[in-house]
1. For the subset of the range A:227-251 comprising residues that are facing another protein chain (nearest Cβ under 9 Å), within 13 Å of residue B:255 (Cβ to Cβ) and in contact with a helix residue (DSSP H, G or I) (Cβ under 9 Å, 6 or more places away or on another chain), which member is surrounded by the fewest Cβ atoms within 10 Å (Cβ to Cβ)?
2. If you take the residues in the range A:66-76 that are more than 9 Å from DNA strand D (Cβ to nearest atom) and surrounded by 15 or more Cβ atoms within 10 Å (Cβ to Cβ), which one is nearest to the other protein chains (Cβ to nearest Cβ)?
3. Search the range A:77-99 for residues being away from DNA strand D (no atom under 14 Å from the Cβ) and surrounded by fewer than 19 Cβ atoms within 10 Å (Cβ to Cβ), and hand back the single one that is farthest from the other protein chains (Cβ to nearest Cβ).
4. Within the range A:187-208, work out how many residues are facing chain B (nearest Cβ under 7 Å) and over 22 Å from residue A:34 (Cβ atoms).
5. Kindly state which strands (runs of 3 or more DSSP E) lie completely within the range A:40-120 and contain at least 3 residues that are away from DNA strand C (no atom under 15 Å from the Cβ) and under 30 Å from residue A:175 (Cα atoms).
6. Picking from A:217, A:209, A:187, which residue would you name as being out of contact with any strand residue (DSSP E or B) (no Cβ under 6 Å at 6 or more places or on another chain) and within 23 Å of residue B:216 (Cβ to Cβ)?
7. Out of (1) more than 14 Å from every other protein chain (Cβ to nearest Cβ); (2) out of contact with any strand residue (DSSP E or B) (no Cβ under 8 Å at 6 or more places or on another chain), what's the single condition that is false for residue A:147?
8. Restricted to the range A:33-59, and to residues that are within 13 Å of DNA strand D (Cβ to nearest atom) and more than 28 Å from residue A:190 (Cα to Cα), which residue is surrounded by the fewest Cβ atoms within 10 Å (Cβ to Cβ)?
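Read-outs: derived from the displayed coordinates by stated rules, not from any lab. Since we're looking at a predicted model, the values are computed, not measured. Neighbour counts are summed over all protein chains in view; Cβ atoms, including those assigned to glycine, are modelled from backbone coordinates with ideal geometry.
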DNA sequence: CAGTGGTCTAGACCACGTG
DNA sequence: ACGTGGTCTAGACCACTGC
């Protein structure tokens, strides 16, 4: 099996001629790794095979695998740990959590948090939610409403929409029993890994209902955050509309 | 000059023994490149020397220089252009602008923007601003206030603080004549490149003065953004407190 | 055509974590 | 001692840009 440069690479397309749609080898490897992640071949928190193993599997050099993994690590899908291996990112870790929870106390002191489920129902998707989730109109979705409290003070009111086909069996009871971040639950119970999210933020006056639930005055200024979260392959898997009380908290962001 | 692995590397410290503070070669190269950028050896918009030239200058392989540049490019300090070279990032480009201007129209249609300078004075730094800019208390700062309008509608009210020692000669008149983003002006007139910024966001009710300037009702909800901007080496160079009208605009953000 | 960054390889050695 | 990822090198070839 002594190689020549044009050895067969199995699933990989031939690249010897300047093909019309040129894609670097490491990008193709990255795609294959993404497929494996999506397929659940390696679960969140687990180690993926070593670089040498992957290089052998794909019939490329270690350096090429390395570059593919580098990009996935830069996107926070994988986490490299020197001496130990490369691991699938998981929301069962404080670090990942803070990537998605941007509201932090003004004084920086850590707070105790609690969640109260208001509501969890299966309904037909409203048109706007269906569009954002790329579902057919009126397809089934799960609608979840909750209040998050920090140091006993109600601070976040969330209105969450999930594709019904994927999240069947999600009930208010199962949620009430669960402690920890929602996205961690989604991983372990439904095999859905949230990988990226887009947010649109506005300042809005509190509606009477919001004011009541968050124990603020009607009309007081709230931070409104509309989030669409994506799994592997940029598939939208959650729409989340939240309003935040920013009296003693702020939304932090870094511009790079 | 045929090399042996332990050839002298000029300015670079000897790494042959397992040194106490181990730092990879490419990190040291990155540091040297950063110094050159900070010193202004290569100006924003200009090309830096080719990878091979830099490799020769620093007496390392092209691959090592490449990795240093890769990191600087990932941090948006440098921009690689295949076939042309590697360039110093500049705010004289639409792309860079949108990294720092996160307010966008809800309907996505582009808007005409205009700036009105309210005020530009040299004053003694308030304690909080001095702390954020890492200045001694009561040191001189420039305080600049302006209103940005989108499609003729006043939308952003900014209160900006700059270190007086660096921004001497910045006046309301020079600003009034200038068209374009502030950060581009800072680059060409004062040699200050903004590279990164941290923001803290809240929802607040409009004060009577803010309401008047932004033509909204007193007490209506505004998005409040406190930004600290940094140059090379994470040196704070601007404090900017803005309030945004988010009636027809939103602050967009991506969580990765 | 020459020069730039981009890809790919192969191999040596280092630092880290675990037995 | 071993296996992992991390660094560094040298060299070949590819793709893009501009003269």
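1. A:227
2. Quick first cut of the range A:66-76, residues more than 9 Å from DNA strand D (Cβ to nearest atom) only: A:67-68, A:71-72, A:74-76.
Right, trim to surrounded by 15 or more Cβ atoms within 10 Å (Cβ to Cβ) and you get A:67-68, A:71-72, A:76.
Details: A:67: 10, A:68: 15, A:71: 11, A:72: 12, A:76: 6 Å.
The selected residue is A:76.
3. A:92
4. Pass one, the range A:187-208, residues facing chain B (nearest Cβ under 7 Å): A:196-205.
Applying the additional criterion that residues be over 22 Å from residue A:34 (Cβ atoms) yields A:199-205.
Qualifying residue count, the range A:187-208: 7.
5. In the range A:40-120, A:103-105 are the strands (runs of 3 or more DSSP E) which contain 3 or more residues that are away from DNA strand C (no atom under 15 Å from the Cβ) and under 30 Å from residue A:175 (Cα atoms).
6. A:217 is the lone residue from the list that is out of contact with any strand residue (DSSP E or B) (no Cβ under 6 Å at 6 or more places or on another chain) and within 23 Å of residue B:216 (Cβ to Cβ).
7. Tallying (1) more than 14 Å from every other protein chain (Cβ to nearest Cβ); (2) out of contact with any strand residue (DSSP E or B) (no Cβ under 8 Å at 6 or more places or on another chain), residue A:147 fails exactly one: (2).
8. Let us first name the residues in the range A:33-59 that are within 13 Å of DNA strand D (Cβ to nearest atom), namely A:33, A:42, A:46-57.
Filter once more, so that each one left must be more than 28 Å from residue A:190 (Cα to Cα): A:51-53, A:55-57.
On the way: A:51: 19, A:52: 10, A:53: 12, A:55: 18, A:56: 13, A:57: 13.
Going through the qualifying residues, I end up with A:52.
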